[in-house]
Amino acid sequence: MSHGRFAFVTLAIAALILAGAAGFVRLVDPYGLYGAPRFSGFNALKPVAHVQLAPAKLARLERRQAPHLLIGN
């Protein structure tokens with residue numbers, strides 16, 4: 001196998017693995033960010049937001065795309 005073909009096959013496999021992982025995360029939707037349908041026994045239970053407070057806040061902030069941000073207590 002030539003070096004070019006080996007590099008192509010390696011990159012193609014890496015891309016397929018990354019695409020598969022991204023698709024799986026989108027289907028499971030662990031924090032309810034994508035609005036994926038919920039299936040009992042598969043992805044119906046989600047972590048409670050206060051347990052994962054920092055990632056949940058950041059994700060919701062990014063999704064809202066608010067023009068202003070208020071910081072404080």
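The values are calculated or read from the model by the stated rules, or taken from the named source; none is laboratory data. Note that this is a predicted model, so its numbers are computed, not measured. Note that each Cβ is placed from the backbone with ideal geometry, even for glycine, and that neighbours are counted across all protein chains shown. Surface accessibility is based on the protein's heavy atoms, side chains included, excluding ligands, DNA and RNA. Shrake-Rupley method; radii C 1.70, N 1.55, O 1.52, S 1.80 Å.
Would you check if LEU33 is modelled with pLDDT of 90 or more and either assigned to a helix (DSSP H, G or I) or out of contact with any His (no Cβ under 6 Å at 6 or more places or on another chain) (or both)? When the stated conditions are applied, LEU33 does not pass them.
Residues in region 1-22 that are surrounded by 11 or more Cβ atoms within 10 Å (Cβ to Cβ) and β-branched (Val, Ile, Thr): VAL9 alone.
Is at least one residue of region 23-40 free of Cβ contacts under 8 Å to residues at least 24 places away in the same chain, open to solvent by less than 70 Å² (accessible area, probe 1.4 Å) and either over 26 Å from LYS57 (Cα atoms) or hydroxyl-bearing (Ser, Thr, Tyr) (or both)? Among the residues of region 23-40, not one is free of Cβ contacts under 8 Å to residues at least 24 places away in the same chain, open to solvent by less than 70 Å² (accessible area, probe 1.4 Å) and either over 26 Å from LYS57 (Cα atoms) or hydroxyl-bearing (Ser, Thr, Tyr) (or both), which makes the answer no.
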